[in-house]
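Undergrad: One structure, pasted below without further comment.
Derivation of every value follows stated rules applied to the coordinates shown; laboratory data play no part. Being a predicted model, the structure only gives us computed values, none of them experimental. In this analysis, Cβ positions are derived from the backbone assuming ideal geometry, glycine residues included, and neighbour counts consider all displayed protein chains.
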Amino acid sequence: MLCTQLLQAYRVGKKLELGVDAAAMLQFNGTRDSRLTPIPNRLRLWGVFCFDTNASFFLRIFTSSGRNALHGTPGAFAPINDISMYRKAIDSGHDLRSRLRLDSALFRWERGSFLLAAGLVNTRHIHSHGYGIMTLPGVGDPLTGFISSHFTRMLALNFLELEHSSSIPAFFLSFRLTDWLQVRTGLTFGNSGYHVFIRNTGLVEFLISPGSGKEGLRIAVIIGASDADESGTHQLTPAAGVNCLLPAGIPGLSLFFGYSRAEGENAVSILFGSFLWHFQAGLIWSTVGGSMGAGYSAARHYSSRTPESLWELFWKLPLAPWLEFTPDLQLIHHPAGSTMDGKAWAVVAGLRVVLFF
């Protein structure tokens, strides 16, 4: 993979902050039908306007093109990168042309231990400091950590619709009850073109973080449910997940694991996602000079009894304050649940290059 990230941000007085980030990646799919993919790329422009010390409005637009699916038959259930992200929600068929899209239009009110966020919300970025729902430091950012959606998403938390869209209409409330316990809850609103109760979901997350800093212990437990399909049939379909980041006792080294499970396939659950369960685990090692990660993930799709599993390894190597090289390797076992001879393994290898300005 060849990935270029250009970061720039500046402040205008005390009211407005603007920024841009861009990424491009060269990715090779090593199957019997090996091909060099069209270059996945993404450009995002964002701004934050602060009304006062507590209230702000966040707006971000993006364009994304290229390919994030595995070449050849049978392909893979989960996208192999989240740089060319959420193509299902962006374009139909095989139209890979860029489109300028609205990613977030979010009002935030934060004061002390309380947060209110409402609008078109990217669930990875709810708080002003950047944390979202079910996120772990160092794991879920496709620009700086793992690249496969096996690690950048919780695939079976179908009520968040992470499989279909990067952002959803929603509002969230966050309460810090103690120094170590935070509770976040909210409602999301899906396709309301039929009536107001179509594709709505509710969730609550309990975030336990007795440690301090990015290397501290973090345990997140989240439960939620989706409701309603286009026919007007209402059937509550629950899902739940847990995410954990655990210091390993060595400076800079953390272990992580996550598990999520949805209800069995039914008329409601398949509207929000297509995975019954998803497991991921691995390690992250970070120092001032760089980081590396290694992980294993497995996910069971509704359409297959054979889970798709993946191993990913990356090593971020800083060459200068503004330049980083990151070799990355993915090994996919049973892509799309395939057990066919010659189709049971796929290799996705490459190099990511990151530039900072």
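Undergrad: What is the pair-distance distribution P(r) of the range 295-357, computed from all Cα-Cα distances in 5 Å bins starting at 0, with each bin given as a whole percent?
TA: Spelled out per bin, shortest first, that is 4, 17, 19, 16, 13, 11, 8, 6, 4, 1.
Undergrad: Suppose we look only past 17 Å in the calculated P(r) of the range 244-355. What percent of the Cα-Cα pairs does that tail hold?
TA: 65
Undergrad: Here's a follow-up. Using the 10 angstrom Cβ neighbour count as an exposure proxy, how do Leu45, Leu16 rank, fewest first?
TA: Ordered from fewest to most neighbouring Cβ atoms within 10 Å, Leu45, Leu16 come out as Leu16, Leu45.
Undergrad: Per residue of the range 284-294, what does 6.51 cos²θ - 1.76 cosθ + 1.60 with θ = phi - 60° give for ³J(HN,Hα)? Whole Hz please, x for Gly and Pro, Karplus curve as stated.
TA: Per-residue couplings from phi come out as 10, 10, 10, 9, 4, x, x, 7, 8, x, 9 Hz.
Undergrad: Using Cβ contacts closer than 10 Å as the measure, can you line up Leu116, Leu157 from fewest to most?
TA: Least to most surrounded, the residues fall as Leu116, Leu157.
Undergrad: Which order, highest average first, do 71-80, 99-108 follow once you tally other Cβ atoms within 10 Å for each residue and take the mean per peptide?
TA: In decreasing order of mean packing, 71-80, 99-108 become 71-80, 99-108.
Undergrad: How far is it, in nm, from the label point at Ala55 to the one at Leu100 when both lie 7 Å from their Cα along the line to the Cβ?
TA: 2.8
Undergrad: Near the amide H of Ser84, under 5 Å away, which other amide H atoms are found, from residues 5 or more places off or on another chain, if H is placed in the peptide plane?
TA: Hits under the 5 Å cutoff: Asn41.
Undergrad: Tell me, what is the FRET efficiency for Val204 and Asp341 to the nearest 0.05, using R0 = 35 angstrom and their Cβ-Cβ distance as r? If you can, show how the numbers build up before the last one.
TA: Numbers: r = 46 Å, r/R0 = 1.32.
Here the calculated transfer efficiency is 0.15.
Undergrad: In addition: Order the peptides 243-249, 315-321, 325-331 from the highest to the lowest mean number of other Cβ atoms within 10 Å of their residues.
TA: 325-331, 243-249, 315-321
Undergrad: If you line up the Cα atoms of the range 46-189 on their principal axes, what length do they span on each, largest first, in Å?
TA: In descending order, the Cα extents are 52, 31, 28 Å.
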